[in-house]
Amino acid sequence: MTTGNNVTIAGNLTRDPELRFTPTGRPNASFGVAVNNDWTDSAGERHESVDFFDIVVWGKLAENAAQSLSKGQEVLIAGRLAFRSWETDEGDRRSKVEITATHVGPGLTFGTTVFTKAARTGEETAA
């Protein structure tokens, strides 16, 4: 049986990437992406909706994303879905699905970008 867990989205950053480091020094960044959807139903009426996704990136990709991306910017994200659950300080169980990104790129629909190649470190980009 073949299985797959791949997702690709295009949208706009809802907040600047927040760069953090694990206790062992591994960089990770998180940010949000909004994906706008619009369609016309069979009666000719136009509809709109927005889906929001939490994105997590690791390693050099996290550092590059934090340095290069900002709120409102169009981005393309490729990665995998990851389910995470935890318990709050009050004892409540919480869970969510987020995207662990393996590729992050700027969208060019409404602008241009300048690419600067970073030095290679041999580090993997995803957890």
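Note on Thr8/Thr112: beta-carbon distance plugged into 1/(1 + (r/R0)^6) with R0 of 22 Å gives a FRET efficiency of 0.50.
Placing a label point 7 Å from the Cα of Arg120 along the Cα-to-Cβ line, the residues of segment 39-64 whose backbone N sits under 16 Å from it are 60-61. Counting neighbouring Cβ atoms within 10 Å and putting the fewest first, the residues Val97, Val33 line up as Val97, Val33.
Over the residues of the chain, the helix contribution to mean residue ellipticity at 222 nm works out to -2500 deg cm²/dmol, using -39500 (n - 2.57) for each DSSP H run of at least 4. Projected over every direction and averaged, the convex hull enclosing the alpha-carbon atoms of the chain yields 12.5 nm². Here Ile55, Ile9, Ile99 are placed in order of increasing Cβ neighbour count within 10 Å, fewest first, which gives Ile9, Ile99, Ile55. Per-residue Cβ neighbour counts within 10 Å put Asp54, Asp41 in the sequence Asp41, Asp54, beginning with the fewest.
No lab work stands behind these numbers, since they all come straight from the coordinates. As the structure is a prediction and not an experimental result, all values here were calculated from the model. All Cβ positions, glycine included, derive from the backbone under ideal geometry; neighbour counts span all protein chains shown.
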